[in-house]
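**Student:** Here it is: the structure, laid out below.
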């Protein structure tokens, strides 16, 4: 069971065939559903080539982005064509973007979608039983957690506004830690992950918010690509009742 599932690689790679994805961040669940469809890459390919001129047209990029950010536009993805368009908008910025309240802000730095990877992704995970809930850490369906359920949450690096409608703040961190500490006391299996060290410097002190008598701290280097050979990035995983 993933909470606030912007980063869920661990869930998909876990080997479990039963996943529960929870987030109220706009557009994320639609993207997950879309990527799991076998013909998703065809939708994206058609949209990328016909509507975005294969990423070459700066004018088309601006026109699509302006239409997407238009105040009168309903903030929903109505069909798979809408989701493919949104995917291509993100690809036009090489998936490097941020939200200013509800407005998507990005640069023109196009990356052509990897159609073969998309097809392989849907094929690999098509047999999984995946449930989607528009819930977050404040109201996720804890009643669905069984004896063998692992509750997973990944915490962002810094306090900031990330996705559409998703804000990570100290107040939210404090709530998350209180909630998960209590669930750990109640016997639930929990895993919390975050970046721990970058370029030899500790990024944050999130681990201090979790009871060391409940959560075992595990620090990994090999889970991230080594961009800095002498000072590799590290992630911390806090696990309870495992």
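Every read-out reported here was derived from the displayed coordinates using simple, explicitly stated rules and does not represent laboratory data. Remember, it's a predicted structure, so these values are computed and weren't measured experimentally. Positions of Cβ are generated from backbone atoms using ideal geometry, with glycine treated the same way; all protein chains shown enter the neighbour counts.
**Student:** Could you state the number of Å between the C-alpha centres of the stretch 142-195 and the stretch 46-76?
**Tutor:** For the stretch 46-76 versus the stretch 142-195, the Cα centre distance is 34 Å.
**Student:** Given the rule -39500 (n - 2.57) for each run of at least 4 DSSP H residues, summed and divided by the residues of the chain, what is its mean residue ellipticity at 222 nm, to the nearest 500 deg cm²/dmol? Mind dumping the intermediate values first?
**Tutor:** Details: 7 runs with 75 residues, N = 242.
Taken over the chain, the calculation gives -9500 deg cm²/dmol.
**Student:** In the stretch 40-177, if every C-alpha pair distance is counted and binned at 5 Å from zero, what percent goes to each bin?
**Tutor:** Taking all Cα pairs of the stretch 40-177, the binned fractions are 2, 8, 14, 16, 17, 16, 14, 8, 3, 1, 0 percent.
**Student:** Next question. What percentage of all Cα-Cα pairs in the stretch 109-242 are separated by more than 22 Å? Please report the intermediate quantities before stating the final value.
**Tutor:** Working: 4688 of 8911 pairs.
The share of Cα pairs beyond 22 Å in the stretch 109-242 comes to 53 percent.
**Student:** Counting pairs of Cα atoms in the chain, how many percent are more than 22 Å apart?
**Tutor:** Taking all Cα-Cα pairs of the chain, the fraction more than 22 Å apart is 60 percent.
**Student:** Specify the angular offset, from 0 to 90 degrees and rounded to the nearest 10, of the alpha carbon long axis of helix 80-91 from the longest principal axis of the alpha carbons in the chain.
**Tutor:** 80 degrees
**Student:** OK, next. When only Cα pairs under 8 Å and 6 or more residues apart are kept, what is the percent relative contact order across the chain?
**Tutor:** Numbers: 380 pairs, mean separation 50.2, N = 242.
Reported relative contact order: 21 percent.
**Student:** Can you give the % of DSSP beta bridges in the chain that are antiparallel, to the nearest 5? Could you put the intermediate results ahead of the total?
**Tutor:** Working: 21 of 36 bridges.
Looking only at bridges with both residues in the chain, the antiparallel portion is about 60 percent.
**Student:** May I ask for the equivalent-ellipsoid semi-axes of the stretch 113-172, computed as the square root of five times each C-alpha gyration tensor eigenvalue and listed largest first in whole Å? Don't jump to the answer; show the numbers that get you there.
**Tutor:** Values: eigenvalues 141, 90, 21 Å².
Here the semi-axes work out to 27, 21, 10 Å.
**Student:** Another question, then. Averaged over all directions, how much area does the convex hull of the C-alpha atoms of the stretch 46-116 cover when projected, in nm²? Provide the component values of the computation, followed by the final result.
**Tutor:** Working: hull surface 18.9 nm².
For the stretch 46-116, the mean projected area of the Cα convex hull comes to 4.7 nm².
**Student:** Quick one: if the Förster radius is 25 Å, what FRET efficiency do residue 120 and residue 148 give, using the C-beta to C-beta distance and rounding to 0.05?
**Tutor:** Working: r = 28 Å, r/R0 = 1.13.
Computed FRET efficiency for residue 120 and residue 148 comes out at 0.30.
**Student:** Given an 8 Å cut-off on Cα distances and at least 6 residues of separation, report the relative contact order of the stretch 14-115 as a percent. Display every interim value, and only then the final one.
**Tutor:** Working: 90 pairs, mean separation 28.7, N = 102.
Normalised by residue count, the contact order of the stretch 14-115 is 28 percent.
**Student:** Right, something else. At 0.36 nm per residue, minus the direct Cα-Cα distance, what do residue 53 and residue 199 gain on full extension? Give it in nm, one decimal, please.
**Tutor:** 48.7 nm
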